[in-house]
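*Asks:* Have a look at the structure that comes next, please.
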Amino acid sequence: MKGLDKINALKARMSASIIGQETVVERLLIGLLANGNLLIEGLPGLAKTRAIKALAKNLDSKFSRVQFTPDLLPSDITGSEVFYQNDSGGEFRFDPGPIFANIVLADEINRAPAKVQSALLEAMEERQITVAGKSHKMDPLFMVLATQNPVEQEGTYPLPEAQMDRFLMKVNVDYPTVEDEVKVIELVRLEEQAQQGVKKPHEPAELTSADDIFAARNEIAAVEVDAAMARYMADLVYASRTPEKYDAELARWIDIGASPRASIALDKCARTHAWLNGRAQVLPEDIRAIAPDVLRHRLALSYQAQGAGVNAEAVIAKMIELVALP
């Protein structure tokens with residue numbers, strides 16, 4: 001696994017500027033290597049944007065940030081046809097929007113109306129956008145990383161289910177430990193001192209190239225998934241659709257189960273998780289480690305579950321407990 005050393009070096013560089021969020025860093029890398037888009041949710045100030053910028057900063061790639069607001073228009077994201085005057089009269093030319101980048105940060109995506117959110121759909125799924133009847137392809141290395149705040153709902157527009165399902169994973173960002181928070185304070189202080197010239201800034205490290213990412217993806221494609229593991233992934237997803245076959249309480253919690261996209265995402269992410277841990281074959285621990293991130297945004301919980309304070313984490317944990325290995 002020649003590519004693993006380069007990805008581990010990328011992970012180490014990211015972790016140096018993102019203290020106490022090792023799981024978030026790993027999930028960002030899994031999304032990148034599995035060629036998927038991520039939805040990152042957490043309270044303000046928990047380094048969601050910083051983590052995404054750390055990924056972009058350490059890649060030899062083009063980074064673009066879109067701050068979603070209620071007055072944003074779809075063309076502000078995709079770009080539009082613009083008339084250019086010339087000696088022969090003039091012509092319409094396409095001016096690409098910020099979506100034409102390798103790493104696209106859709107910051108506070110739920111601040112914009114559904115019409116604007118849906119402007120991302122074609123790019124996320126088809127890796128192209130269509131303007132004025134013409135299709136424009138995205139770069140081979142393309143990833144949308146969207147953030148949202150789970151508590152401040154005034155002036156927000158919940159993401160449509162169709163768009164939620166197009167995210168490979170939904171990653172929750174939690175508070176750091178006290179020890180990690182002390183390290184965060186020290187890290188930010190050192191960064192400020194470097195900016196003021198009090199201390200010498202760190203020399204920039206070698207960036208990870210797109211070719212390194214593509215080489216790693218080729219190795220991940222060769223990771224083996226035997227029939228038993230494929231059946232286990234399908235059984236986990238199937239349990240979300242037919243919970244009454246497993247447990248009466250689970251059946252009361254789930255209204256709508258996960259789509260086949262969940263099974264495909266489980267396979268991609270489990271293979272990537274196994275590869276990152278130096279394995280050439282997927283094990284049950286890879287599937288169980290990644291299942292909450294793949295499934296939490298694909299389950300529609302019932303009113304009974306919400307009223308009882310049961311969240312998606314508890315439902316997925318119950319599913320993992322009830323679904324046996326084939």
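*Asks:* For PHE83 and VAL182, what is the calculated FRET efficiency with R₀ set at 51 Å and r taken between the beta-carbons, to the nearest 0.05?
*Replies:* Step by step, r from the Cβ atoms, then E = 0.35.
*Asks:* Go through PHE83, PHE100 and list them by solvent-accessible area, largest first, probe radius 1.4 Å.
*Replies:* PHE83, PHE100
*Asks:* Next question. Students often check this: by mean Cβ neighbours within 10 Å, which of 103-111, 139-147 ranks highest, and how do the rest follow?
*Replies:* 103-111, 139-147
*Asks:* From the protein chains alone at 1.4 Å, what is the descending order of accessible area for ARG298, ARG65, largest first?
*Replies:* Result, largest first: ARG65, ARG298.
*Asks:* Please work out the FRET efficiency for the pair GLU285 and ASP247, using the Cβ-Cβ distance as r and a Förster radius of 35 Å; give the result to the nearest 0.05.
*Replies:* 0.95
*Asks:* Quickly rank 299-308, 158-167, 266-275 as a protection proxy: mean count of other C-beta atoms within 10 Å, highest first.
*Replies:* Ranked by mean Cβ neighbours within 10 Å, highest first: 266-275, 158-167, 299-308.
*Asks:* Tell me whether the stretch 83-175 comes out rounded, prolate or oblate; compute the Cα gyration tensor, take square roots of the eigenvalues as a ≥ b ≥ c, and use a/c under 1.5 as the rounded threshold.
*Replies:* Verdict is prolate for the stretch 83-175.
*Asks:* With the calculation restricted to Cα positions, what are the radius of gyration and Dmax of the stretch 1-60 in angstrom?
*Replies:* 11.3, 38
*Asks:* Given 20 °C and 1.002 mPa s, compute D for the stretch 210-326 with the Stokes-Einstein relation, Rh being the Kirkwood radius over Cα pairs; round to the nearest whole µm²/s.
*Replies:* 145 µm²/s
*Asks:* Taking the stretch 19-161, how much of its Cα-Cα pair set, in percent, is spaced more than 25 angstrom apart?
*Replies:* Here the tail beyond 25 Å accounts for 31 percent of pairs.
*Asks:* Okay, next question. With viscosity set to 1.567 mPa s at 4 °C, what whole-number translational diffusion coefficient in µm²/s follows for the chain from Stokes-Einstein and a Kirkwood radius over Cα pairs?
*Replies:* Diffusion coefficient, whole number: 61 µm²/s.
*Asks:* Please work out how much length the chain gains when fully extended from ASP211 to LEU322, using 0.36 nm per residue of separation minus the C-alpha to C-alpha distance, in nm with one decimal.
*Replies:* 35.8 nm
*Asks:* Evaluate E = 1/(1 + (r/R0)^6) for GLU22 and ASP95, where r is the Cβ-Cβ distance and R0 equals 35 Å; express this FRET efficiency to the nearest 0.05.
*Replies:* Calculated transfer efficiency: 0.30.
*Asks:* Moving on. How large is ³J(HN,Hα) for each residue in the stretch 45-51, as worked out from phi by the Karplus curve 6.51 cos²θ - 1.76 cosθ + 1.60 (θ = phi - 60°), to whole Hz, x for Gly and Pro?
*Replies:* Going residue by residue, I get x, 9, 6, 5, 5, 4, 5 Hz, with x marking Gly and Pro.
*Asks:* Which lysines have a Cα less than 17 Å from the Cα of LYS137, not counting those fewer than 8 places away in the same chain?
*Replies:* LYS62
*Asks:* For the pairs LYS6/LYS115; LYS53/LYS183; LYS57/LYS318; LYS53/LYS134; LYS2/LYS183; LYS115/LYS170, flag any whose C-alpha to C-alpha distance is greater than 29 Å.
*Replies:* The pairs that break the limit, which is 29 Å between Cα atoms, are LYS6/LYS115; LYS57/LYS318; LYS53/LYS134; LYS2/LYS183.
*Asks:* Related question: Taking all protein chains in place and a 1.4 Å probe, what share, in percent, of the accessible surface of the chain do carbon and sulfur account for?
*Replies:* 52 percent
*Asks:* For the stretch 54-113, just the Cα atoms, rotate onto the principal axes and tell me the three extents in Å, largest first.
*Replies:* Each principal axis gives a Cα extent; for the stretch 54-113 these are 46, 32, 9 Å.
The values are calculated or read from the model by the stated rules, or taken from the named source; none is laboratory data. Everything quoted here is computed from the prediction, not taken from an experiment. Please note: Cβ atoms are built from the backbone with ideal geometry, for glycine as well, and neighbour counts cover all protein chains shown. These area figures cover heavy atoms from the full protein model, side chains too; ligands, DNA and RNA do not enter into them. Shrake-Rupley method; radii C 1.70, N 1.55, O 1.52, S 1.80 Å.
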